[in-house]
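The structure appears right after this line, and notes come after that.
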Amino acid sequence: MTREQAKKTIEELIEKIDYYNMRYYQDSVSEISDQEFDQLMKKLEDLEAQFPEFKYPYSPTQRVGGTITGQFETVIHKYPMLSLSNTYSEEELLDFDNRVAKGLNGESYEYFCELKFDGVAISLWYENGILRRAVTRGDGIRGDDITANAKTIKTIPLRVKKNVSLPREFEVRGEVFMPRKEFEKLNKEREKRGEDLFANPRNFASGTLKLQDSSIVAGRRLDCYMYYFLSDEEVIKTHEEGIHLIEKAGFNVSPTYEKCADIHEVLAYIKKWEKRRFEEVPVDTDGIVIKVNSIEQQRRLGFTAKSPRWAIAYKYKPENARTKLKGITFQVGRTGAITPVAELEPVQLAGTTVKRASLHNANEIERLGLRIGDYVFVEKGGDIIPKVTGVDLKSRPEGLREFEFITHCPECGTELVRKEGEAQHYCPNEDGCPPQVMGRIEHFIQRSAMNIEGLGPETIRGLLDKGKIHDVADLYTLTFDDLNGLEFKIYSEKKDDYTIRSLREKSAKNIINSIERSKSRPFDRLLFGLGIRYVGSTVAEKLASYFKDIRKLAEADYEELINVPEIGEMIAQSVQAWFAREKNKKLIERLIRYGLKTKIEEEKEFEGNRKLDGKTFVISGVFNKVSRDELKELIKKHGGRVVSSISSKLDYLVAGENMGPAKKQKAQQLSITTISEDEFLDMIGEND
Ligand code: IVH
């Protein structure tokens, strides 16, 4: 094939694949079989490999991900991404309408209504019809460049349709989300595997967009709805025209929008979608957005500091239902925390059947004054777990007894404890209470921690029952013989009904290999896997990158811990208490001995001169020769550490211009050495 032919074929393939993609993902129509589609993709990949000069940034092959982004670049939004003010009643909405009418001096105007999608706002920037940048909202002024991740979302066009006339540069905004059904499926699978559940689709989508490995993003079924067209050129006269324009250009627009002649039609729109949104819209919605349709009128109405005067959000009341409280059961978490759960007569709520609701703790039961047999109100906001919000006292049957919280662990019978000032009851039997031991192991092996595959809750239970493991370190002493033929129980829905299975040779081998592989999981994943209270994924990352070595972290005192950026009192206390325990010290020593990564390996070749070894720095103010980020890099490169707050242990405060007076004063009080930008650069010998 000649270059010319290759170029042409590549172009044709891209167009075909884009077309089928759009039909499939936006219209839910498969015009060709999966196999035929894969063949087209394969052909395109092969040609691109052969002719890399024609590997275009808008090629559908770019959607599979694979880019690893260390830190997202910060981008300033060309047009700030403002928020909307909220209204919660018809009355407030009529006030808004009056303000609009007044602002337009009695002129006539129309509204445009859309649903308010509960996802993550995104800004897409196009140049010459090609997606150049995808940026998160951030603080509205600047956001993160997440282009590599956004490209994996099939409904985001990498290139707009050809026959639509669009400005050379424009922006489209909308919402990225995880469809509710997909999310429920995913959580069901996690539940089966005994993994922690994600709280709600919104958090899940937001967490996914911030992943550094875009191939993981590609595997999660994110989708988007776009609702805003922006450009310097005046190509549209109304918001409606903007919506039709982006629809034509190939963006995914929810068909639920409607133009309304006046506020009464808006009210009808609100009513219309109040219930229908649960059945007809794939994403969670929490209200509607009302926009003045004319762009020229929008301009005249303008903005307040935070939001446009030409638009407003109307929030639906959270869905609620009334049902009977059949009982209260108790769950024991991996930390021993006891969570009471309301067992309810099944009831339909916000598109799902609700049978259970979290009651959080004893205080909550007391606050609500719950009695078993009561009729209760349940509510569902953004989270998948519904809440009990009150008791229907009027219909309380006679003779219900006051509820008494349990005194002993429902799993192991140990007497529960409740620390001063804490709402939660705990089972203190850490090593003997099955759900705690199980929970710690399950937490340790999960994908985002040590990623040990092949071990389900049943096999872990089998290993515990046989006494092969007692804690997470024991996993590393398991042999093939321990696993091969291991008998374990599979429970059916009914509690005492189970069948016995045994682990096959192949599974045993896989598990052993996976355990071996897990030894090379990075330090921060191990730290997260230990399940220290309040040390979630992000905190683990922060602690690991600060201390770099588990022994250093274990030795750190409270002062030192609290000095780590973003580590608060609660975390510092919890970490310290965990490492102070003899049992945990032994566990750590064993993990080190088994060859797990308990350190961050020295980064790259060392380019600095270690002049700042072990010294801590706070940087404050604005700098002339280097940016703040560069300054941080320089400190790290030369062996120093950047911390966020001034304490007596601090070595240097690097003061730029316009430094806050509070910081200055504190540094003076504690006699911290304060140096200028120049003095700092002199220190490391990099002042030109
Ligand atoms: S328009 C200046 N339309 O709600 C007006 N926003 O509270 C820009 N949202 O940040 C927003 N659905 O993330 C608009 N149909 C819709 C929306 C929508 C959801 C989100 C968006 C925005 C937030 C404002």
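Residue pairs whose Cβ atoms lie under 6 Å apart, separated by 6 or more positions or on different chains, with the first residue in the range 290-303 and at pLDDT 95 or above and the second part of a strand (DSSP E or B) and away from the ligand (no atom under 12 Å from the Cβ), are Ile290/Tyr111; Asn293/Thr238; Ser294/Thr238.
On the stretch given as the range 125-149, residues that are more than 12 Å from the ligand (Cβ to nearest atom), part of a strand (DSSP E or B) and either hydroxyl-bearing (Ser, Thr, Tyr) or surrounded by fewer than 23 Cβ atoms within 10 Å (Cβ to Cβ) (or both) total 10. Cβ separations smaller than 7 Å between residues 6+ apart or across chains give the following pairs from the range 647-660 residues that are assigned to a loop (DSSP other than H, G, I, E, B) to residues that are open to solvent by 20 Å² or more (accessible area, probe 1.4 Å) and modelled with pLDDT under 85: Gly656/Val622; Asn658/Val622. Within the range 50-101, the set of residues being polar (S, T, N, Q) and over 23 Å from Tyr227 (Cα atoms) comprises Gln50, Ser59, Thr61, Gln62, Thr67, Thr69, Gln71, Thr74, Ser89, Asn98.
Residues of the range 396-414 include none that is within 25 Å of the chain's Cα centre (by Cα) and either open to solvent by less than 60 Å² (accessible area, probe 1.4 Å) or on the phi > 0 side of the Ramachandran plot (or both). For the residues Tyr58, Tyr79, Tyr88, the requirement of being within 30 Å of Ile10 (Cβ to Cβ) and either touching a strand residue (DSSP E or B) at 6+ places or on another chain (Cβ under 8 Å) or open to solvent by 60 Å² or more (accessible area, probe 1.4 Å) (or both) singles out Tyr58.
Selection of the range 107-124 for residues being part of a loop (DSSP other than H, G, I, E, B) and either open to solvent by less than 20 Å² (accessible area, probe 1.4 Å) or of a type in the set (Phe, Trp, Tyr) (or both) yields Tyr109, Gly119.
Taking the criterion of being open to solvent by less than 50 Å² (accessible area, probe 1.4 Å), part of a helix (DSSP H, G or I) and within 16 Å of the ligand (Cβ to nearest atom), the residues of the range 216-244 that qualify are His239, Glu240, Gly242, Ile243. Return the residues of the range 406-438 that are out of contact with any Asp or Glu (no Cβ under 9 Å at 6 or more places or on another chain), within 21 Å of Ala362 (Cβ to Cβ) and outside any loop (DSSP other than H, G, I, E, B); say none if nothing qualifies. Matches in the range 406-438: Glu415, Val417, His425, Tyr426.
The conditions of being aromatic (Phe, Trp, Tyr), open to solvent by less than 30 Å² (accessible area, probe 1.4 Å) and within 30 Å of the chain's Cα centre (by Cα) are not met by Tyr534.
Residues of the range 73-89 that are within 14 Å of the ligand (Cβ to nearest atom) and either touching a helix residue (DSSP H, G or I) at 6+ places or on another chain (Cβ under 9 Å) or among the hydroxyl-bearing types (Ser, Thr, Tyr) (or both): Tyr79, Ser83, Ser85, Asn86, Thr87, Tyr88.
For the range 650-675, give me each residue that is closer than 15 Å to Leu612 by Cα and within 38 Å of the chain's Cα centre (by Cα). Those that are closer than 15 Å to Leu612 by Cα and within 38 Å of the chain's Cα centre (by Cα): Leu650, Asp651, Tyr652, Leu653, Val654.
Residues being within 13 Å of the ligand (Cβ to nearest atom) and either surrounded by fewer than 19 Cβ atoms within 10 Å (Cβ to Cβ) or assigned to a helix (DSSP H, G or I) (or both): count how many of those fall in the range 290-304. Qualifying residue count, the range 290-304: 7.
Can you tell me which residues in the range 26-45 are under 20 Å from Ile246 (Cα atoms) and buried (at least 16 other Cβ atoms within 10 Å of the Cβ)? Residue satisfying the conditions is Gln26 alone. Taking the criterion of being in a loop (DSSP other than H, G, I, E, B) and of a type in the set (A, V, I, L, M, F, W, C), the residues of the range 254-285 that qualify are Ala261, Val281, Val283.
All but one of (1) out of contact with any Gly (no Cβ under 8 Å at 6 or more places or on another chain); (2) touching a residue at least 40 places away in the same chain (Cβ under 8 Å); (3) polar (S, T, N, Q) hold for Asn200; which doesn't? Of everything listed in (1) out of contact with any Gly (no Cβ under 8 Å at 6 or more places or on another chain); (2) touching a residue at least 40 places away in the same chain (Cβ under 8 Å); (3) polar (S, T, N, Q), Asn200 misses just condition (1). So is Ala261 more than 10 Å from the ligand (Cβ to nearest atom) and either crowded, with 16+ Cβ neighbours inside 10 Å or in contact (Cβ under 8 Å) with a residue 12 or more places away in the chain (or both) or not? The answer is yes for Ala261.
The values are calculated or read from the model by the stated rules, or taken from the named source; none is laboratory data. Please read these numbers as outputs of a predicted model, since none were measured by experiment. Positions of Cβ are backbone-derived with ideal geometry, glycine not excepted, and every protein chain shown enters the neighbour counts. To get the accessible areas, we keep the full protein, side chains included, count just its heavy atoms, and leave off ligands, DNA and RNA. Shrake-Rupley method; radii C 1.70, N 1.55, O 1.52, S 1.80 Å.
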